[in-house]
Amino acid sequence: MKKIINDPNQIVTEMLDGLVAAYPNEVKRIPDTTVVTRKNSPIQGKVGIVSGGGSGHEPAHAGYIGEGMLDAAVAGEVFTSPTPDQVLEAIKAVDGGAGVLLVIKNYTGDVMNFDMAAELAEAEGIDVAQVVVNDDVAIEDVDGRRGVAGTIFVHKIAGAKAEAGASLEEVKNAAEKVIANVRSMGVALSPCVMPASGNPSFELGDDEMEVGIGIHGEPGTERKPLGTADEIAVELTNHILEDLPEAEEVAVMVNGLGATPEMELHLVNRKVQEILQEKGVKIYKTFVGEYMTSLEMAGCSVTLLNLDDEMKELLDSPSNAPAFRV
């Protein structure tokens, strides 16, 4: 597949330069790093929030930097965890004296490298807390579940809590409440192509779909004949609701994986809404678009967040992050 790139080995640093050039009043890049922070970081007395991971998921994670969301994002190479020294630079860049929360997706490299960075930061006297997002119900083993699009809700709600002046413990508790109440599942209609190699991440026939995919180009849990938008919505939503049986009022996210037109995402959303209404689940707010992608993979994911009054208030709080403005 053709790509608009220059040197594959410079794709991340050039992407970050382009991002900062697009939002010069909102974000800045820490020189000689892959760290992007809020323009006014560090903010004294406010808990800093850092997330990140491999590149290729744009607008995640740097698109969620801004008032009411992240203070910094660390970009690794494509589908590769950032190194501990880069994460440490992000922690130090946003430390305003109230501590720093790390929001980590549940992948071995991310968990290990962010944990090492936290230990290094604590050795320098910075108070660091961590949460690990594992919202992907395609994996039966809860401990092995991957962090996918539900991570965006963690960014938003924890970010709003920090913006309101909450303590590090309170911000961590808000993030953990989201993690306990958010579930996602995705389906791919095509693989993605790695920029460096030009090879697809897996093979998939024109009449097939891969159910239960992750966001790093890995195959899913089941390969099936290509379904309609309604059939895909039913499969994903029912799997999620089976794992979230107490859902009463939810936020819905229908997320494109990089190459799915918004028209098709709205077809899926139409059916998701119908299913929830039939099951008596109230819909508080809906988000349709590209929030956590996998390069140019065709497909989508569905995320449901079971809400209480506090989470609704934090979800509605202002954000000026480029990819999530409220």
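What follows draws every value from the coordinates through simple rules; no lab data is involved. As the structure is a computational prediction, the values presented were derived from the model and not from experiment. We place every Cβ from the backbone using ideal geometry, glycine too, and count neighbours over all the protein chains shown.
Descriptive notes on the structure:
- Pairwise label distance in nanometres, GLU169 with LYS224, each label 7 Å out on the Cα-Cβ vector: 4.6
- Per-residue packing, averaged as other Cβ atoms within 10 Å, sorts the ranges 43-55, 106-118 into the order 43-55, 106-118, beginning with the highest.
- Cα-based shape type of the chain, given that a ≥ b ≥ c are square roots of the gyration tensor eigenvalues and the cut on a/c is 1.5: oblate
- The shape of the stretch 145-286 comes out oblate: with a ≥ b ≥ c from the C-alpha gyration tensor, a/c is at least 1.5 while a/b does not beat b/c.
- Burial order of peptide ranges 299-307, 94-102 (average beta-carbon count within 10 Å, highest first): 299-307, 94-102
- Computed from the C-beta positions of TYR284 and MET1, the FRET efficiency with R₀ = 35 Å rounds to 0.40.
- Its relative contact order, with pairs defined as Cα atoms under 8 Å and 6+ residues apart, puts the stretch 53-147 at 23 percent.
- Taking every C-alpha pair closer than 8 Å and separated by at least 6 residues, the mean separation divided by the residue count of the chain gives a relative contact order of 18 percent.
- Theoretical gain in end-to-end length, GLU203 to GLN44 [0.36 nm per residue, Cα-Cα removed]: 52.3 nm
- For the stretch 168-294, relative contact order (Cα pairs under 8 Å, six or more residues apart, normalised by length) works out to 22 percent.
- Estimated [θ] at 222 nm from DSSP helical runs (n ≥ 4, -39500 (n - 2.57)) normalised by residues in the chain, nearest 500: -10500 deg cm²/dmol
- Note on the stretch 152-284: antiparallel DSSP beta bridges, both residues inside, total approximately 80 percent of the bridges counted.
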